[in-house]
Amino acid sequence: MPLTVLQWAGNRTSAGASDWLITITTFLQPHSPVYISLYALGIAFFCFFYTAVQFNSEETADNLKRHGGFIPGVRPGKATETYFDYLLNRITVVGAAYLVVICAIPELLAGSAGLTNLRLGGTSLLIVVNVTMDTVSQIQSHLIAHQYGDLIKKAKLKTTRRT
């Protein structure tokens, strides 16, 4: 989107103003180091932003305290809230780093290979891996259920009636 806006603005401005727009457009081209850096920073920022919006450590600590739960070695209340924040930040750092690596690898490979129209992105990789893992999990559960069904049928056949 920034490139589109800059290109649109470049067509409407004078020649002197378009020089800096051309420079910015050049830096923001896909597969450039500035583009990949901004892409990685955006992914990391939105990981933390989404986590902050979705998880309320104060409410979770209060609910835990209200229902009689506790974390061993951590006092209920404010200490639990601080512990949740600490733990959540550590988990989010690892998750954000993982997402940055997964999403930046296709950009880096496409940039180094000179492929300008590569349509394989990090999101595509995440979806493919998730669907594959879910499919394998469902196949395993169906096989286990089928084995249990066979065991139950064999058990019923071998039982004899006692009188």
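The values are calculated or read from the model by the stated rules, or taken from the named source; none is laboratory data. Because the structure is predicted, anything quoted here is derived from the model rather than measured. When we count neighbours, we look across all protein chains shown, and the Cβ atoms used for this are built from the backbone with ideal geometry, even at glycine. Surface accessibility is based on the protein's heavy atoms, side chains included, excluding ligands, DNA and RNA. Shrake-Rupley method; radii C 1.70, N 1.55, O 1.52, S 1.80 Å.
Annotations for the structure displayed:
- On the basis of the beta-carbon distance and an R0 of 35 Å, residue 56 and residue 109 show a calculated FRET efficiency of 0.35.
- Taking 0.36 nm per residue of separation and subtracting the current Cα-Cα distance, fully stretching the chain between residue 8 and residue 26 would add 5.0 nm.
- Heavy atoms of the protein chains alone define the surface here; on that basis the stretch 40-163 has 81 Å² accessible area per residue at 1.4 Å probe size.
- Of all accessible heavy-atom area on the stretch 45-106, the percent that carbon and sulfur account for (1.4 Å): 66 percent
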